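These notes are about the structure you will find just below.
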Amino acid sequence: MKSLEQTEDGVLFEDAVLSLPDGRELAYRWWGEEGGTPVFRIQGTPSSRLQRNPDASVRRDLGVRYLMADRPGYGASTRKPGRGIADVADDLAALLDHLGIDSIPAMGTSGGGPHVLALAARHPERLSAVTVVVGGSPLAADEVKGLVGVNARGYALAEQGWQPLHDFLAEVRERLLSPEGMQGVLSDAPPTDRALMQDPAWQRMSRENIAETLKQGAAGWTDESMAMHGAWDFDPAGVRAHVTWWHGDDDKNAPLSAARRVIESMPDVDLRMWHHEGHFVSLTHDREIVEELISRR
């Protein structure tokens, strides 16, 4: 483990890399001071271990320390072509083994939602509490029409296969890395999401995170999108733990109606909704979400 480093705005972190049994590397980061309550945060799609709330007071006030990892093909983690969601769950369990962590509260946001559920289904003893925030879910045709434009186009191309989707995401990657940024790519998002993306602090964090996330190109993003497209490679009904699932009812990235179908297949889920809010409730309600999670650890 490397020594503690510090961001420009004074947040402590430490980076390290785990060599997995198949020879791949898994990059991970601890956010915050040593001694805090560990929380496994599984970020969205596309994103990296650099993803964070610009307001560091949430983590500090709650006394938590976040563990985050780059999934295959993102950031500094080796790509795994053709990978599924379950593959990543096994990688994350290997990381917990490496760190000597028997059990940890975990939360998955957006595209991280299926991954935390896969971890809970395949390695239930490793998670002391489970939360999903605006979790991505398999879509019905009528739900695709209501997505933000870039997601709707991506879904249609995923139906055609890996290469057409990759070609499109490579173009979107260039837009994300340009001055247009995430706020431009998601210019048709709901008003609450657009308002948050106008925050200069959020834009700075987003630029840093996306630059790290997509530095290898768009292949890892494409692999992940194909893994989550259609039926998953694990059964969420196999998650026996209690799950708290947070969602906004104006989410145009991960529709609530799709989330409800996954939730209905699971034995023990507490669905908590915010009205007239979009996909970025994961940030605006971060304190409430993390506080509830650690209360169950």
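The values are calculated or read from the model by the stated rules, or taken from the named source; none is laboratory data. Because the structure is predicted, anything quoted here is derived from the model rather than measured. Here the Cβ positions follow ideal geometry from the backbone for every residue, glycine too, while neighbour counts run over all protein chains shown. Ligands, DNA and RNA are stripped out before the accessible areas are found, and what is left, the full protein with its side chains, is counted by its heavy atoms. Shrake-Rupley method; radii C 1.70, N 1.55, O 1.52, S 1.80 Å.
If you model the range 1-128 as an ellipsoid using its alpha carbon gyration tensor, with each semi-axis the square root of five times an eigenvalue, the axes come out at 22, 16, 14 Å, biggest first. For the range 250-297, rounded, prolate or oblate, judged on the Cα gyration tensor with a ≥ b ≥ c (square roots of eigenvalues), a/c < 1.5 rounded, else prolate if a/b > b/c? Because a/c hits 1.5 or more and a/b fails to exceed b/c, the range 250-297 counts as oblate. Taking the DSSP beta bridges with both ends in the chain, the antiparallel portion is around 35 percent.
Here the range 15-99 is assigned +1 on the Cβ of each Lys and Arg and -1 on the Cβ of each Asp and Glu. Its dipole about the Cα centre then comes out at about 260 debye. When the chain is described by a simple charge dipole with +1 on each Lys and Arg Cβ and -1 on each Asp and Glu Cβ, the residue from ALA218, PRO38, ALA120 located farthest towards its positive end is ALA218.
Over the range 100-189, the hull volume per residue, using the convex hull of the C-alpha atoms, is 143 Å³. Of all DSSP beta bridges confined to the range 9-99, the antiparallel ones make up roughly 75%. Think of it as helices only: each DSSP H run of n ≥ 4 in the chain is worth -39500 (n - 2.57), and spread over all residues that comes to -12000 deg cm²/dmol at 222 nm. Averaged over its residues, the chain has an accessible area of 40 Å² per residue, based on protein heavy atoms and a 1.4 Å probe. Counting only protein heavy atoms and a 1.4 Å probe, tell me what percentage of the range 151-270's accessible area is made up of carbon and sulfur. Using a 1.4 Å probe with all protein chains present, the range 151-270 comes out at 50 percent carbon and sulfur. With +1 on the Cβ of every Lys and Arg and -1 on the Cβ of every Asp and Glu, and nothing else charged, how large is the dipole of the chain about its Cα centre, in debye rounded to the nearest 20? With only Lys, Arg, Asp and Glu charged at Cβ, the dipole is about 160 debye.
Legend: helices of the chain (whole DSSP H runs) are marked when their alpha-carbon atoms reach 18 angstrom or more along the helix axis and their mean Kyte-Doolittle hydropathy is at least -1.0; marked are 85-99, 162-177. When Rg and the Kirkwood Rh are both derived from Cα coordinates, the Rg/Rh ratio for the range 153-297 amounts to 0.98. GNM remark for the chain: springs join alpha carbons under 10 Å apart, and the peak mean-square fluctuation among VAL133, VAL262, VAL39 falls on VAL262.
Springs between Cα atoms under 10 Å define the GNM used for the chain, and in it the highest mean-square fluctuation of PRO72, PRO179, PRO236 occurs at PRO179.
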